[in-house]
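See structure below.
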Amino acid sequence: MNQSLHSHKPLVQFGATPLLTTPAPKQLTPDSPAMSVLTDFTHVMPQSIAGDTPIDEAHLKMRHGGIRLLFVMDKQSHCVGVLTAKEVIGTRRINLAMQQRNLERSEVTAAMIMTPWEKLSAMPLEQLASLTIEDLVLSMESFTEQHLLITERKPNEELSVRGIISATDIQTVMGSRIPAKLPTTVVPMARSFADICQVITGHDL
């Protein structure tokens, strides 16, 4: 047996401060496939909480994870709604839950202030696959939410949430300016798909 194959080699000692390798940012244009901006839950673990989670705990999870949306799950692992930072930080839904149930703020849970599943809008995966980013945003002209859910139904399986698209993610990957054939107006951070659509159609946010 060749002993040299098993000889211990010293570890490298830094002689100077090193650079840190980071992923190259996506370079997308309005003509890029809309699938390019999908956060695909077959590759990325979705962030979720139980419906009985206190709202302050949900807010803490959002802050620590750097996210603005959590899926609310029931005991059968079905998604019963979504909870966004807007609802957790805001007071309207929280105050309403406290008044209707005669509760203290610490007793208010995610299920009490979430947007339930039946009130959510979603796009089937096969529809998304046929669109460019520009097609997607223009089709969402009146959509005032910041997140779009993407659903998938496989043969003989239940409907599932395959992924999510964020309006701010679209803006981030396309840069601080809307490129290509769209107006080159520098835009503030998009709060919804409707915000981005206003830029594409030539109106400031």
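Values for this structure:
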| read-out | value |
| --- | --- |
| Phi to ³J(HN,Hα) by Karplus 6.51 cos²θ - 1.76 cosθ + 1.60 over segment 113-123, Hz, x for Gly, Pro | 10, 5, 8, x, 3, 5, 9, 8, 10, 8, 10 |
| Computed over segment 132-175, Cα set: Rg, Dmax in Å | 12.7, 41 |
| Separation between Cα centres of segment 91-132 and segment 30-76, rounded to whole Å | 13 Å |
| Backbone HN-Hα couplings from phi across segment 28-43 [Karplus 6.51/-1.76/1.60, Hz, Gly and Pro as x] | 10, 10, x, 8, 5, x, 4, 4, 5, 9, 7, 7, 8, 6, 7, 10 |
| Convex hull volume of segment 1-149 per residue (C-alpha atoms, cubic angstrom) | 272 Å³ |
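Where a number appears in this text, it was derived from the coordinates with a stated rule and is not lab data. For clarity, every value in this text was computed on a predicted model and none was experimentally measured.
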